[in-house]
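Working notes, structure below.
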Amino acid sequence: MIFITGGAGFIGSHTCLELLNAGFSVTVFDNFCNSQPEALVRVQQITHKELTVVRGDIRDRFSLEAALRKSGARAVIHFAGLKAVGESVQLPLSYYDNNVTGTLCLLQSMQSCQIKTLVFSSSATVYGNPQYLPLNEDHPLASTNPYGQTKLVIENMLRDLQRSDATWRIGILRYFNPVGAHASGLIGEDPQGIPNNLLPYVAQVAVGKREFLNIWGNDYDTPDGTGVRDYIHVVDLALGHLAAVNKLENQGQCFTVNLGTGIGYSVLDVVRAFEQASGKPITRQYSPRRAGDVASCYADPRHAQELLGWQAQRDLATMCQDAWRWQGKNPNGYSGH
Ligand code: UD1
């Protein structure tokens, strides 16, 4: 049994699906503040397997610990958290509360239940402004906004915990840019309001929900002047969590790994790939740079490959085709069902 906080979200739901397919039992603990129960209904439809869903907030120590104890879990994958950079600048206390206080409650609950195996969702944002590329796990850590700061604080908390008690088994996964959707087109990313991230925005332009894409800057020091990122298919990312859980359970060693492809694509590369996948033109205009954006960011993925035997398999065309299938079948996300 694996206990999954935030399991109804974009990455969480895809990970639940792959865990069920691999024969694990799953309990999801989610407050649905940025996700829909329907995602988990669909995970069960696709896999023909059942999971347990508990509605609750990770900051509610009493409910969390009760659910964790009742689940009989032997490991936790911790996705629950807020993740919008711009919002974190406006609402820093909300971010520290949900992300840091929430994680603290989770760790205390785990300790009290003697469950000491944890996979944590970190982010490439902990590298701050890249000093060199590709980014390996030894790159200095920094944060440029409250969201990134919460990820750093949590990573530090986890390292302190490991040092204090060697029976903890902790895997820290630093995600690059998760995109795409399950190949069924039944689950995918369902952003609330106007999407902040590139792929969901492009998909909404293709489906006619938004008039045009703003490309934030075409004067970066990159091959075509637009920002370069390491986009990774969410199913590959989900499979990375399986590899991490297996590693922790079988070998008990703590680790920190990047989950990326190692390939950087520009905004224009993504737009063209999406046009190809959807057969729709993506109307776009160039706008000034977005505050806080860096020119290029991509992973050195070798450590994950060597340690976990995991490597991303799905290319940019597949990412766009799958995102388009999800968008086309669910133009209003889960609320349209
Ligand atoms: C953002 C967050 C990052 C977070 C990640 C995961 C910022 C500064 N960083 O990464 O901390 O972990 O999401 O969700 O917000 N772009 C456009 N037009 C758009 C949207 C994006 O041109 O409408 C460009 C951006 O300038 C960037 C690229 O597309 O070059 C990717 O942007 P985005 O999808 O928002 O991801 P990141 O900024 O890399």
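The values are calculated or read from the model by the stated rules, or taken from the named source; none is laboratory data. All of these numbers come straight from a predicted model, not from anything done at the bench. Cβ sites come from the backbone with ideal geometry, for glycine too, and all protein chains shown count toward neighbours.
Scanning region 281-306 for residues that are part of a helix (DSSP H, G or I) and either of a type outside the set (Asp, Glu) or surrounded by 15 or more Cβ atoms within 10 Å (Cβ to Cβ) (or both) yields Arg302, His303, Ala304, Gln305.
Residue count for region 265-280 under the criterion of being in a loop (DSSP other than H, G, I, E, B) and of a type in the set (D, E, K, R): the result is 1.
Annotation for region 89-100: no member residue is of a type in the set (D, E, K, R), under 21 Å from Leu152 (Cα atoms) and within 16 Å of the chain's Cα centre (by Cα).
The set of residues in region 227-245 being more than 8 Å from the ligand (Cβ to nearest atom) and either hydrophobic (A, V, I, L, M, F, W, C) or farther than 30 Å from Phe24 by Cα (or both) consists of Ile232, Val234, Val235, Leu237, Ala238, Leu239, Leu242, Ala243, Ala244, Val245. Condition first: part of a helix (DSSP H, G or I), touching a helix residue (DSSP H, G or I) at 6+ places or on another chain (Cβ under 9 Å), surrounded by fewer than 21 Cβ atoms within 10 Å (Cβ to Cβ) and in contact (Cβ under 8 Å) with a residue 12 or more places away in the chain. Can you find one or more residues in region 254-264 that meet it? No, region 254-264 has no match at all. Residues that are in contact with a Phe, Trp or Tyr (Cβ under 8 Å, 6 or more places away or on another chain) number at least 2 in the following helices (runs of 4 or more DSSP H) confined to region 83-144: 85-90.
Please work out if Gly309 is farther than 20 Å from Asp269 by Cβ, surrounded by fewer than 14 Cβ atoms within 10 Å (Cβ to Cβ) and at pLDDT 95 or above.
On the way: farther than 20 Å from Asp269 by Cβ: yes; surrounded by fewer than 14 Cβ atoms within 10 Å (Cβ to Cβ): yes; at pLDDT 95 or above: yes.
Yes.
All told, Asp224 falls short of being closer than 20 Å to Ala317 by Cβ and either more than 13 Å from the ligand (Cβ to nearest atom) or without any contact (Cβ under 8 Å) to a residue 12 or more places away in the chain (or both). Candidates Ala73, Ala67, Ala124: the one that is within 21 Å of Gly12 (Cα to Cα), within 16 Å of the ligand (Cβ to nearest atom) and out of contact with any helix residue (DSSP H, G or I) (no Cβ under 6 Å at 6 or more places or on another chain) is Ala124. Evaluating Ala273 against the criteria (1) touching a residue at least 60 places away in the same chain (Cβ under 8 Å); (2) at negative phi leaves one unmet condition, (1). Just one residue in the set Arg55, Arg74, Arg69 is among the basic types (Lys, Arg), surrounded by fewer than 22 Cβ atoms within 10 Å (Cβ to Cβ) and more than 26 Å from Cys254 (Cβ to Cβ); that residue is Arg55. Test Arg210 against the stated conditions and say whether it is within 12 Å of the ligand (Cβ to nearest atom) and either within 23 Å of the chain's Cα centre (by Cα) or in a helix (DSSP H, G or I) (or both). Spelling it out, it is not the case that Arg210 is within 12 Å of the ligand (Cβ to nearest atom) and either within 23 Å of the chain's Cα centre (by Cα) or in a helix (DSSP H, G or I) (or both). Is it the case that region 234-252 has a residue that's part of a loop (DSSP other than H, G, I, E, B), without any contact (Cβ under 8 Å) to a residue 40 or more places away in the chain and surrounded by fewer than 17 Cβ atoms within 10 Å (Cβ to Cβ)? No: region 234-252 contains no residue that is part of a loop (DSSP other than H, G, I, E, B), without any contact (Cβ under 8 Å) to a residue 40 or more places away in the chain and surrounded by fewer than 17 Cβ atoms within 10 Å (Cβ to Cβ).
This table checks each residue for (1) in a loop (DSSP other than H, G, I, E, B); (2) in contact with a strand residue (DSSP E or B) (Cβ under 6 Å, 6 or more places away or on another chain); (3) touching a residue at least 40 places away in the same chain (Cβ under 8 Å).
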| site | (1), (2), (3) |
| --- | --- |
| Phe3 | no, yes, yes |
| Thr27 | no, yes, yes |
| Glu38 | no, no, yes |
| Arg42 | no, no, yes |
| Glu50 | yes, no, no |
| Val54 | no, yes, no |
| Arg59 | yes, no, yes |
| Ala67 | no, yes, yes |
| Ala73 | yes, yes, yes |
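When region 156-204 is limited to residues that are within 16 Å of the ligand (Cβ to nearest atom) and touching a His at 6+ places or on another chain (Cβ under 9 Å), the one that is nearest to Cys113 (Cα to Cα) turns out to be Leu173. Could you tell me which residue of region 298-316 is farthest from the ligand (Cβ to nearest atom), considering only residues that are farther than 14 Å from Leu242 by Cβ and touching a helix residue (DSSP H, G or I) at 6+ places or on another chain (Cβ under 6 Å)? Of everything passing the filter in region 298-316, Arg314 is farthest from the ligand (Cβ to nearest atom).
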